Amino acid sequence: MNTLNTRNNRIFIAAVAVFLLFSLSANIYYYTNGRDILAQSTSKESSLVYANEFNNTEQTNVEKITVDTEAVSAEFNRKVEQIGNYLSKRNAPLAKYADVFVEAADYYDIDYRLAAAISVIESNGGKYTFRPYNAWGWGKSGFESWEDGIWTVSKGLAKYYDLGLTTPRLIASSYCPPSADAWASKVSYVMNMISYQ
């Protein structure tokens with residue numbers, strides 16, 4: 001019986017490995033050849049490109065695939081600057097933590113402006129907190145530091161995103177039920193203001 005289970009486990013692992021290798025190679029092929037397909041689709045003669053019109057069997061060297069780290073870094077810095085500028089104009093204590101807002105947002109895949117905007121509405125960016133380092137009215141206790149607060153709240157906001165609640169309007173009824181519409185409008189306004197910094 002033990003031998004049969006071991007054999008079945010090996011077959012399962014082998015099948016998963018083959019599937020993963022196939023998926024990886026399909027994704028690499030798509031992303032490395034997608035530019036050529038898009039270039040063809042912009043010609044004046046024809047705006048349609050069908051899959052069977054593009055057959056390229058050239059092998060892809062995975063080691064040669066690179067990420068444009070300069071572009072990623074520039075985007076990160078732009079977001080940090082926008083949050084920092086907006087919070088600094090308000091003399092908000094959280095202005096110094098703009099990079100933490102962006103890091104946490106990127107990590108949890110939420111809008112980089114959301115946690116900062118909520119902090120402005122709930123505590124004027126950390127000026128008036130009801131518990132230590134709790135600029136968001138989050139829960140009933142404080143945090144150990146501003147960083148701890150930003151990361152904890154961002155993680156909590158990600159749970160709303162997991163439920164499909166990805167805008168202040170959708171989050172408001174759970175986050176701030178007594179004044180959901182007004183809260184959502186204010187948070188959205190601040191998010192827009194951050195974008196224009």
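Listing for the model above:
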{"item": "Sole residue being crowded, with 16+ Cβ neighbours inside 10 Å and either of a type outside the set (S, T, N, Q) or closer than 19 Å to Arg90 by Cα (or both), chosen from Gly164, Gly137", "result": "Gly137"}
{"item": "Pick from the stretch 94-120, criterion crowded, with 23+ Cβ neighbours inside 10 Å and β-branched (Val, Ile, Thr), ranking: nearest to the chain's Cα centre (by Cα)", "result": "Val102"}
{"item": "Subset tally (residues that are more than 13 Å from Leu157 (Cβ to Cβ), part of a helix (DSSP H, G or I) and in contact with a Lys or Arg (Cβ under 8 Å, 6 or more places away or on another chain)) for the stretch 107-136", "result": "2"}
{"item": "Some residue of the stretch 75-98 being closer than 16 Å to Gly156 by Cβ and small (Gly, Ala, Ser)", "result": "no"}
{"item": "Search result, residues across the stretch 71-92 that are small (Gly, Ala, Ser) and surrounded by 12 or more Cβ atoms within 10 Å (Cβ to Cβ)", "result": "Gly84, Ser88, Ala92"}
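Readers should treat all values here as calculations from the given coordinates under stated rules, not as data from a laboratory. Please read all numbers here as calculations on a predicted model, not as lab measurements. Glycine also receives a Cβ, built like all others from the backbone with ideal geometry; neighbour counts cover every protein chain displayed.
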